[in-house]
Amino acid sequence: MPRIVREADVTWEGNVARGSGTITAATSGAFAGLPYSLPTRIGAAEGKTSPEELLAAAHAGCFAMGLAAELAGADTPVERLDVHCRVTMDEVEGKGHLVVDSTITARAVAPGATEESFATAVSAADEGCPFSTLIKASATVGIDARLED
């Protein structure tokens with residue numbers, strides 16, 4: 001795989017408690033001006049995003065692509081793959097607030113896959129996912145993946 005470089009731009013106005021910002025996908029332009037703020041980051045989302053939500057999206061997207069590739073490589077291509085990711089940030093004594101967990105829930109329809117071949121594909125997808133590797137440097141990654149009919 002070639003080297004990948006992507007960029008995002010953030011604009012923030014005001015102090016952390018009462019200020020707010022926007023996040024824009026600088027490279028692709030896929031989204032622009034996604035609003036976020038501290039109150040909506042730690043409380044009700046109210047239609048705004050957060051860095052943790054964007055990390056969850058990135059982790060889920062990366063894992064899904066990896067699992068699809070692993071299943072295709074095993075000649076059991078996925079018909080449908082639903083992946084949900086929940087990122088948890090918590091206060092860690094002496095270290096402040098840290099991402100402490102990222103849990104993936106995946107449901108796949110992959111005709112011809114067995115429970116064993118699916119488990120092998122899930123493990124390989126996790127091991128090959130750069131976001132799993134990044135998160136595991138300081139937090140846990142949990143995966144609940146099931147093969148469906």
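List of remarks:
- Within a Gaussian network of the chain (alpha carbon springs, distance under 10 Å), most fluctuating of ARG86, ARG18, ARG107: ARG18
- Estimated from helical segments only, the mean residue ellipticity of the chain at 222 nm is -10500 deg cm²/dmol, where each DSSP H run of four or more residues counts as -39500 (n - 2.57).
- Simple Cβ-charge dipole of the chain, Lys/Arg +1 and Asp/Glu -1, about Cα centre, in debye nearest 20: 520
- Most simply put, the chain has about 70% antiparallel DSSP beta bridges, counting only bridges with both residues inside it.
- Helix 115-128 axis versus longest C-alpha principal axis of the chain: approximately 40°, rounded to the nearest ten.
- Averaging the sequence gap over all C-alpha pairs within less than 8 Å and six or more residues apart, then dividing by the number of residues, gives the chain a relative contact order of 18 percent.
- For q = 0.10, 0.17, 0.21, 0.23 Å⁻¹, Debye-computed log10 I/I(0) when each Cα of region 51-148 counts as one equal scatterer: -0.27, -0.68, -0.95, -1.10
Laboratory data are not the source of any read-out in this text; all were calculated from the coordinates shown. This one's a predicted model, so the numbers in the text were calculated from it and none came from an experiment. Glycine gets a Cβ as well: all are built from the backbone with ideal geometry, and neighbour counts include every protein chain shown.
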